[in-house]
Amino acid sequence: MRYGIGRVTMGFIFAAAITLLGADGFASSCYMEPDQALVDIVDVQWAPWASVSPDFRNWLLRFPQANPSIAELAQDELKLAGMRFSPQTFAPSRNRRFVNLSLMRYPELAAAEIEHLPENPRLLSTSWSPDGSSIAFTNETPEGVELWIIDSGSAEASRLTGPVISLTANEWPEWLSDGSGIICCIIPDDHGEPPVENPVPSGPIIQEATGTEAATRTYQDLLKNPYDEDLFEYYLTSQLSVVRMDGSIDEVGDPGIIWYYSPSPDAEYILVSQLMRPFSYTVTAGRFSELIEIWDIEGNTVYEVADFPVRDAIPMATGSTFEGPRSVSWRSDTDATLSWVEALDGGNAGAEAELRDRIFTHNDPFDSEPVELLSLRSRFGGIKWGNDSLAIVSEWWWPTRNQKAWRIRPGQPDSEADLLVDRSWEDRYNDPGAPMTHLNSRGKSVLVISSDGGCIYLEGDGASPEGDRPFIDRLDLNTLETERLFHSQPPYFERPSRFINDECTRFIFRREAVDQYPNYYVRDLENDSEVQVTFYTNPVKVLDGMRKELITYKREDGLDLSATLYLPPGYNVEDGPLPMVMWAYPQEYRSASAAGQISGSPYKFDYVGWWSPLIWLTQGYAVLDDPAMPIVGEGDEQPNDTFVEQLVMSAQAAVDKVVGMGVADPDRIAIGGHSYGAFMTANLLAHSDLFAAGLARTGAYNRTLTPFGFQSEDRSLWEAKDVYIEISPFMSADLINEPILLIHGDVDSNPGTFPMQSERFFAALKGLGGIARLVMLPLESHSYRARESILHVLWETQEWLKTYVKG
C-alpha cells in the first residue's frame, strides 16, 4: 500500500501557495522571520563549553558566540586551495568564536571571574599549559590576532603579543612541554603589502594530463590562476616563533609556508612541515608539494623526513594514499622519537597486496637507520603510546569494514604483536570500546595504564538493542579479560570523560536524560559515590512535556529498523493523527545484521536548535527523527546497486509504522534532510508517493557531476554508469510530482555539493512543470551561520509546511 497526494491535487495546493511568489516566480529578496517561538529558540544561549585543567583543579568555561550577523559574514574572505580565512586578521573565517571565559575551582565548585580579559573578546582557541598553571588563548581584533595568557591561580589575563599571530593554516599555538613558551606562527615583520592582481592576463591558464590516472574528488575553493598562487603564498607565509612568558619572541628558522608544527615532548626539537611551489589547481593545499623536517629549537635542520611533489594522482579506492612517510608525529611517551607510516602497496587500496603499511620509528639524534616497528595487512589507523612495553596500533580495511587493534612493545621492535581486536566496525553491539588516554606531565596524550602496568582502560558507546549505554572497562593485557567498572543506567544517558586520579578510581562523566539538561559529575568507584559539578538547566522551555519514544519496525525484506518518535506537549493519540516531519540520512552497510542494529539512546537529552527537526513540534507537527535508511550491499553486491529500492522500502516501513500507531496522517507527511539527506529526499519524491512535500537542504542531485565517487561509492561514473544515473534524482526530475523546497548556501565549500547542484535541479523541475522553490543563501556554506539566514530558512520551511503539509 502506498500513501501520498500525487500530482492530481497539485493545482489546488499551488493556488494556496501563490502568496509565496511574485508574478515572475521570484520571491522578495529580503530576509524573513518565522513565528516568535522559533525565533526564541534560535536566540537561546546554551551552556558554556568546559575544559578541565591537567591538574584537575580548575575548569575553564568557554561561552560561544551566538549566531553571527550577515554583516559579519559579509566581511572580506579569501577562498584559496580549500581554505577560507580573513585577509584582515589572518584567521580562519568560518570557525566558532567564544565571547567570554570563566574559571570554576574544583573541588570547591567556586566561580572565579577572570580579570583583565580583552574588551569585546573574540576568542578562537584556548589551551592549558602542561602543569595547569596557565591558559593560552588567541583573541581576534580588527587589526589581527593577539596571544594572551591567564594565570589560573590568580584568574588574571594578560596580553603577550600584539595582533601578529597568523592562523591562516589552522595551526594553533602550542605549549612547550616545560611551560617556558608557546610555539606559534607570526606574520613576518617584512611581510609587505599583499600582491595586486593585474587586470590584463599574461596568458591562458593551462592544465595537462600526461597519461597517468589522477582521479580527484570535486573539491571547492581551488587555486585558479597565478594571482591566486601569489595570494596563497603571501597569506600562508609566516615566521615560526616561540613566545616567552614575558612577551619576548624567539624566531625559529626562516619564514616559509608553515603547514604544521609539533614540538618534541622534551622541547628540544620541532617537527615542521612547509608547503612549497609548485602548487596545484586540482587538489587542495594538503596535497601540495611539502617538505617535512626536524628542526632544533634554534631553527636548524636536523633531519629531513620527506620531500613530496604535488600529490594529485592518489588512486580512487577508499583507503588509497600517497607513497612515502605519512602520519608523521612524535612518540608522546618518550623524549624525542619520531614515528611515521609508509605504504607497501604503492598507496593503491585497489591493488592486490599481502602487506599494506609499515610503521617506523626514529630516535634522537636521528643519525642512524629508522627502526621497523610493525607491518600491517590493512591500512594504518593510529597509535596510542604508553611506554616501551605498551602501545596500541589500529588498522582498518574499507571493503570488509574490518578493524584490528594490536598491542605492541615499542622498546622491543622484534617482538611479536598481540592481537586485541578483530571485528567489523559496523557491528556496534560488539564494540569493545577504545583505549582511554590522559595528558602526561608534558601535556602529551598517552594511554591510561594501571599502576602495575598490566591493565588498560576502555570506554565505549555500549550499543545494544535498548540503545547506547556507555561504559568503562578494565582490560587485563595478559588474560584479555575485562571487568566492567561503569555502565550507564536508565533513565539516564551517562558518558564517561576522563579519570582524575592516578589510581583510576575517580572520573568525570556527563549525565543527561530526556527531561534533564546535560551536567558534569565526578564518580568515585571506591565508595560508589558521585558529586555534581555543573548545574545547568534547559533554556528551551516551550517543549517541556514532549513525548519521546524509540520505535522499531521491519522493512519488507525483513531488515530491522528503528527511529525516534517525538510528539508535541499535550498531545494524545486519541486527538487523532498529526501532520509529520520526517528527517533522515541514508547510511551504507556491508552487513544486513549490522544495518538492523539500534543506534542512539532513548534517554538522551535533545538539543532543540534551528538545525533540529524537533523545532517543528512547536508548530503542532509530529516528528520522526533519524528513521533508519540503511543501504546494504553484501558479498559482491555494492550498496548503491539497489539504492533506490532499499531507500523506498525503508521509507515505506517508517510511514506504515507511524500511520499504524495513529500518530501521523498518511496524506500529511513531509520528508527532509541535509546534504546526503537532501539527496535522499529528492529520490523519495521521485520514486514513491509516500510524502506530501520535501525539504532538501544543501544537497547534490546529479551524480554525474561527482564522477570520481561520492559518499561511500568507490566506483567512478565510467565503472558504474547505470548506478550513477539511476540514483541521480536530476535524471528522474520528471517523476517528481510533489512540491520540494530547495535551500543551498551560495558559497558551499563541501566537496560534491556545489551550489550549481540545486540551481540545475530547480531549473529541471521548473522546466518540467514541477512545484519547487529554490532559496540561495548569500555568503553561507554547507551549514548555515548568520542569524538572518537561519531565521529565513525557518520561515521558508514554516510556510512550505503550512501550505503543502499542514494545509
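Looking at region 478-495 only, could you name the residues that are open to solvent by less than 20 Å² (accessible area, probe 1.4 Å) and in a loop (DSSP other than H, G, I, E, B)?
SER488
Condition check ((1) open to solvent by less than 10 Å² (accessible area, probe 1.4 Å); (2) over 23 Å from GLY454 (Cα atoms); (3) touching a helix residue (DSSP H, G or I) at 6+ places or on another chain (Cβ under 8 Å); (4) in a loop (DSSP other than H, G, I, E, B)) across all residues:
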site	(1), (2), (3), (4)
ASP345	no, yes, no, yes
ALA353	no, yes, no, yes
PHE360	no, yes, no, no
PHE380	no, yes, no, no
LYS384	no, no, no, no
SER394	no, no, no, no
THR400	no, yes, no, yes
GLY411	no, no, no, yes
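Does LEU80 satisfy being farther than 26 Å from TRP46 by Cα and either open to solvent by less than 60 Å² (accessible area, probe 1.4 Å) or under 28 Å from the mean Cα position of the chain (by Cα) (or both)?
yes
With the condition kept exactly as written, say whether any residue in region 449-459 is open to solvent by 40 Å² or more (accessible area, probe 1.4 Å), of a type in the set (Val, Ile, Thr) and under 28 Å from ARG401 (Cα atoms).
Within region 449-459, none of the residues are open to solvent by 40 Å² or more (accessible area, probe 1.4 Å), of a type in the set (Val, Ile, Thr) and under 28 Å from ARG401 (Cα atoms).
Find the residue count for region 98-111, including only residues that are surrounded by fewer than 18 Cβ atoms within 10 Å (Cβ to Cβ) and either touching a residue at least 24 places away in the same chain (Cβ under 8 Å) or touching a Cys at 6+ places or on another chain (Cβ under 9 Å) (or both).
6
What residue, of GLY752, GLY709, GLY662, GLY673, is among the small types (Gly, Ala, Ser), modelled with pLDDT of 95 or more and open to solvent by less than 10 Å² (accessible area, probe 1.4 Å)?
Of GLY752, GLY709, GLY662, GLY673, the one residue that is among the small types (Gly, Ala, Ser), modelled with pLDDT of 95 or more and open to solvent by less than 10 Å² (accessible area, probe 1.4 Å) is GLY673.
Which one of the conditions (1) surrounded by 19 or more Cβ atoms within 10 Å (Cβ to Cβ); (2) part of a loop (DSSP other than H, G, I, E, B); (3) in contact with a strand residue (DSSP E or B) (Cβ under 7 Å, 6 or more places away or on another chain) does GLN220 fail to meet, given that it meets all the rest?
That leaves (3) as the condition not met.
Kindly state which strands (runs of 3 or more DSSP E) lie completely within region 553-653 and contain at least 3 residues that are open to solvent by less than 50 Å² (accessible area, probe 1.4 Å), touching a strand residue (DSSP E or B) at 6+ places or on another chain (Cβ under 9 Å) and touching a residue at least 60 places away in the same chain (Cβ under 8 Å).
Counting at least 3 such residues, we get 560-567, 578-583.
Out of VAL648, VAL658, VAL573, VAL644, report the one residue that is farther than 24 Å from SER424 by Cβ and touching a Ser or Thr at 6+ places or on another chain (Cβ under 7 Å).
VAL648
Considering only residues that are part of a helix (DSSP H, G or I) and either open to solvent by 10 Å² or more (accessible area, probe 1.4 Å) or aliphatic (A, V, I, L, M) (or both), which ones fall in region 773-795?
ARG787, GLU788, ILE790, LEU791, HIS792, VAL793, LEU794, TRP795
Restricting to region 326-336, name every residue that is of a type outside the set (A, V, I, L, M) and surrounded by 20 or more Cβ atoms within 10 Å (Cβ to Cβ).
TRP330, ARG331, SER332, ASP333, THR334
Residues to consider are THR126, THR210; find the one that is of a type in the set (Val, Ile, Thr), over 27 Å from MET83 (Cα atoms) and either in a loop (DSSP other than H, G, I, E, B) or in contact with a Lys or Arg (Cβ under 7 Å, 6 or more places away or on another chain) (or both).
THR210
Can you name the residue in region 368-378 that is touching a residue at least 12 places away in the same chain (Cβ under 8 Å) and charged (D, E, K, R) and is also least open to solvent (accessible area, probe 1.4 Å) among such residues?
GLU372
Among the residues of region 714-745, which ones are buried (at least 20 other Cβ atoms within 10 Å of the Cβ) and over 30 Å from the mean Cα position of the chain (by Cα)?
Across region 714-745, the qualifying residues are ALA733, ILE736, GLU738, PRO739.
The values are calculated or read from the model by the stated rules, or taken from the named source; none is laboratory data. As the structure is a computational prediction, the values presented were derived from the model and not from experiment. No Cβ is skipped: glycine too gets one built from the backbone with ideal geometry, and neighbour counts run over all protein chains shown. Heads up: the accessible areas ignore ligands, DNA and RNA and are worked out on the full protein's heavy atoms, side chains in. Shrake-Rupley method; radii C 1.70, N 1.55, O 1.52, S 1.80 Å.
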